Amino acid sequence: MPQVRRIALFLRAETRRITEALEGIARYARPGRRWEFRLFPPDVDSIQAMAHWQADGTICRPDPNATQAINHVSIPSVSLRYLGDHPPMPVVCSDEHAIGRTAAEHFLERGFTSLAFCGNLQGGHIP
């Protein structure tokens, strides 16, 4: 029988994006799959508990301090948070420039000539 894979979810369901990510993970982990998931608060204090649990990997949205600590425990990790142009781990996040370009093209193709933006302009990435 295949080994059960332990995945630490180093997340806090505080945004719709994270809640939807957790729902997608739950759908993937449907009965019959050999996965065990455990939710850990995304703070530095939880990293040792996560390592002690012997996770095979993490799906996380860490703050900068936790990012470095996660790398020190050598658990394969994927971040759901933009971590800069040279991230210390693989990242899954939105391409805001492509989203904006696609939205502008959509409106321009329909004859709109005036567009406005309401959002975060600092670095183009919403934390």
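The values are calculated or read from the model by the stated rules, or taken from the named source; none is laboratory data. Quantities reported herein were computed from a predicted structural model and do not represent experimental measurements. Cβ: placed from backbone, ideal geometry, glycine included. Neighbour counts: every protein chain shown. Only protein heavy atoms, including side chains, enter the accessible area calculation; ligands, DNA and RNA are left aside. Shrake-Rupley method; radii C 1.70, N 1.55, O 1.52, S 1.80 Å.
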Report summary line: With R₀ set to 22 angstrom, the calculated FRET efficiency between the beta-carbons of Ala49 and Arg12, to the nearest 0.05, is 0.90
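Run lengths n ≥ 4 of DSSP H only: what is the helix-derived mean residue ellipticity at 222 nm for the chain, with -39500 (n - 2.57) per run over all residues, to the nearest 500?
Values: 4 runs with 42 residues, N = 127.
About -10000 deg cm²/dmol.
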Query raised in the report: Round to a whole number: what % of the accessible area of region 18-82 belongs to carbon and sulfur, probe 1.4 Å?
Result: 53 percent
Query raised in the report: So what are the three principal axis dimensions of the chain from its Cα atoms, in whole Å, longest to shortest?
Result: 59, 35, 23
Requested in this report: Run the quick spin-label model on Asp95 and Tyr28: label points 7 Å from Cα toward the beta carbon, then report their separation in nm to one decimal.
Outcome: 2.0 nm
Query raised in the report: Using +1 on the beta carbon of Lys and Arg, -1 on that of Asp and Glu, and nothing else charged, what's the dipole of the chain about the Cα centre, debye to 20?
Result: 520 debye
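How much accessible area per residue does the chain have, counting only protein heavy atoms and a probe of 1.4 Å, in square angstrom?
70 Å²
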